Amino acid sequence: MSLTEPRSMLDLLNGFVTQLREAGLPVSLTENLDAMEAVQHIPLEDREAFKYALGATLVKNQAHWRSFETVFEVYFSLRGPEYALTEATGDSDLDELWREMQDQSQAGDGSGGAGSLDALTPEEIAHLLMQALMNGDQALMRALAKQSVQRFAGMEPGRPVGGTYYLYRTLRNLDLDGMLEKMMQAMAERGESASGLEQRLEREEYEHRIGEFKAEVEAEIRRRLVADRGAEAMAKTLRKPLPEDVEFMHASREEMQSLRKALQPLTRKLAARLARKRRHGRRGPLDFRNTVRHSLSYGGVPAEPKFKYPRPAKPELMVVADISGSVAAFARFTLMLVYAISNQFSKVRSFVFIDGIDEVTDYFKSTEDIAEAIHRVNTEADVVWVDGHSDYGHAFEVFWDRHGREIGPKTTVLLLGDARNNYHASQSWVVKEIRAKARHVYWLNPEPRSYWNTGDSIVGEYGAHTDGIFECRNLRQLESFVEKLA
Amino acid sequence: MAAEPSPRFDSVQQVRDGLRDLDYLADDGIAGVAYLADRLGKPVLVEGPAGTGKTQLAKSIAELTGARLVRLQCYEGLDESKALFEWNYKKQLLRIQADRSSDSWAEVHDDIFSDEFLLTRPLLEAITADDPVVLLIDEVDRVEVETEALLLEILSDYQVSIPELGTIEAKQIPLVFLTSNNTRELSEALKRRCLYLHVDYPSLDREREIVLAKVPGVTENLAEQIARIVRSIRSLDLKKAPSVSETLDWARTLMLLNIETIDEETAKETLHILLKYQTDIAKAAKELSVDE
């Protein structure tokens, strides 16, 4: 890669922008040109500065930064023989040179111990890692990340497995959770009398370092994968989805957190947009009195019709959500979103069920802290009837018995769930009855459309009695649905 | 457009060191974007949580370059007469009344729409200034989407069009910083014209450095402890996480109380300086004490 030549630089950047666009980031032409100009002012050897220059010109939304970073790392990844999975057989002179350079630079930054690490037993590695983590020794941590990947991940060239699999294998062998406990113990044994507060802080520091170590392992795996299969092929598999495109059902804990962060500004924006729609959207009915009064200035001819200020009715909302393990995350986000913009609805009531059903409206009313409300829903709501496996039929039946008469012509009923009923009776007549009384009934399903009505999913049977079933797998889909609703 | 200006900074490192001398500790991203803003002659949109030093960045850059800071505080209902320019109606009226007889209408008309009767507001002032200026457009997310359009001309071309006078071009290209607390999505048009910089809560090390630099007399040990506790509190799910300025307030309070190491009691008693909601304080107090 000769970065100095302007022509190749142009191609390189264009390729990068294409990758970004494919990852879903909006990059305009002017931004592309800005990036071109920006990199001319940056010394190219400085990788960090190069990255920030591209970031400042191409990424205009903080939520997209992580996606950008991943694409950047894959696209401008270091390529070299030390990342090869097996010992390369046909080394060319160039490769030899590469290796020499690498060795030199490694010796320079003090992680040259990698060679001696090869001889250690797994126990010794674990012990070394613990030492490194406790002392915050960055160089050793990096070397150990490299070593563990080489040893435990079991990577084979050309094997079509994603990075997560290798990450899982590596981390399983290291048992980092157990290591945290051991580190806490070691600190206690060292005889430093630590108060509760200090212990907590120390634990958080260790957790932070373990997090860093994991990231290092992940990066190492990514580098090796790229070296094996090439940057272009890997860009697709390693790409991280934008927060609004992350699927609720398969989100990792980390992704969940970024989802939660993305939800807040989203609700604010959504509420503002809905309020504006209400204010400006439609014209009200003719205001007869006002029209006649204005007609006087035209000699009694009603030349200028006047309309009433529009006051569209706000819908009443009843949310009935499945919170069994498989779809809990989805239900939680929907409830959070609905309550965050609840001033756009005249009344919101919510019910949660697994095989029993319980009303949880008060949990949200009594506190401003949505997270706490969700916590109470998960711990206090009485949703288990027999065995704690989803039973839509029974839950709907009880709902109809207790609350059926409260459904009126202004009510919109939202049913959330994957309709995986464990082969219980469906009781779909309830949905039919609800629809007869309510203004609308919608079903939101967090599963991909192709899974519907397979196995024990009977979403079609319920769906036949609703005004529509919507696939709702990510924030983007959820947002567009709520906008349609209000 | 104005002549190509000589660059204010030679390297990213220079920006960084310069800011450090002014007690503003920039990380790689901040210094890099400030450097690029100067080289590319583009405005910088600085986004991030409240109290992370976005406004301070503009102030420090102004100080560093020896420029005057021109500040436009945005609010809902801001219009062009407050942001760009306004005609001085009273003076115009006086001018018309002063010698009613002598001048023809055409002369008076030309006369009252001239520089003399123009009141410059921050944006116009920034581009017509002879001395070096740094323009700070603060909390740009507070204006309505429609008002944002006011800014577009000045941000992309550094000029202001006044219907009666024509287009006024900048004598020099000022450094422009826009800050936003991200309460709403800014328009694509605005974002496209700017470099983007996200300033987040600082890392543990940087926060400790900031405390050391900004609070005189604080010990290395206490600063470390403060930074750690603040990080711990920020990781909780709070309504409003403590900002850097609140960290500094807290550090100063601890100094006044002559506290050298923080234990649970002092932490709990002084939490109200870090956190501003009762529910947050209760939550943090609970988290800090009951650990096991």
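All of the numbers you see were taken from the coordinates with simple rules; none came from a lab. Note that this is a predicted model, so its numbers are computed, not measured. Every residue, glycine as well, gets a Cβ built from its backbone with ideal geometry; the counts of neighbours run over all protein chains shown.
A few notes on this one:
- For the stretch A:382-402 versus the stretch A:291-334, the gap between their alpha-carbon centres in whole angstrom: 34
- For the cross-link pairs B:LYS54/B:LYS268; A:LYS308/A:LYS365; A:LYS314/A:LYS432; A:LYS347/A:LYS432, the ones whose C-alpha atoms lie over 26 Å apart are B:LYS54/B:LYS268; A:LYS308/A:LYS365.
- Treating r as the C-beta distance of A:THR30 and A:GLU204 and R0 as 56 Å, the FRET efficiency rounds to 0.85.
- Here A:LEU44 and A:MET130 are evaluated by their C-beta separation; at R0 = 51 Å the FRET efficiency comes out at 0.85.
- Residues in the stretch A:392-421 that a label on A:LYS365 would reach, taking backbone N under 16 Å of a point 7 Å out along Cα→Cβ: A:403, A:406-407
- Enclosing the Cα atoms of the stretch A:6-75 in their convex hull gives a volume equal to 81 cubic angstrom per residue.
- Each residue in A:MET256, A:MET179 was given a count of other beta-carbon atoms within 10 angstrom of its own, and listing them fewest first yields A:MET256, A:MET179.
- Placing pseudo-labels 7 Å out from each Cα toward the beta carbon at A:THR454 and A:GLU123 gives an inter-label distance of 4.7 nm.
- Counting Cβ atoms of other protein chains within 10 Å of each residue's Cβ and taking the mean over peptide B:34-47 gives 3.
- Stokes-Einstein diffusion for the stretch A:313-485 at 25 °C, viscosity 0.890 mPa s, with a Kirkwood radius from C-alpha pairs, works out to 154 µm²/s.
- Each of B:TRP250, A:TRP385 has some number of other Cβ atoms within 10 Å of its Cβ, and from fewest to most they run A:TRP385, B:TRP250.
- Measuring between alpha carbons in the structure, the pairs from B:LYS240/B:LYS283; A:LYS51/B:LYS59; A:LYS261/B:LYS239; A:LYS51/B:LYS214; B:LYS59/B:LYS214; B:LYS42/B:LYS191 lying more than 18 angstrom apart are A:LYS51/B:LYS59; A:LYS51/B:LYS214.
- For chain B, the direction-averaged projected area of the alpha-carbon convex hull comes to 19.4 nm².
- Label-to-label distance, B:ASP21 versus A:HIS294, with points set 7 angstrom from Cα along the beta-carbon direction: 6.7 nm.
- Pair B:LYS276, B:GLU116: separation of 7 Å Cα→Cβ label points (nm): 4.8
- The alpha-carbon atoms of the stretch B:170-276, seen along their principal axes, cover 54, 33, 20 angstrom, with the largest extent given first.
- Relative frequency of Cα-Cα separations exceeding 21 Å in the stretch B:1-150, percent: 57
- Antiparallel bridge percentage (DSSP; both residues within the stretch A:313-485; nearest 5): 15
- Two-site FRET efficiency, B:GLU209 against B:GLU264, from Cβ-Cβ distance with R₀ of 22 Å, rounded to 0.05: 0.30
- Shape metrics for the stretch B:1-88, restricted to C-alpha atoms - Rg then Dmax, Å: 15.1, 46
- Packing-based exposure ordering (other Cβ within 10 Å, fewest first) of B:LYS268, A:LYS484: A:LYS484, B:LYS268
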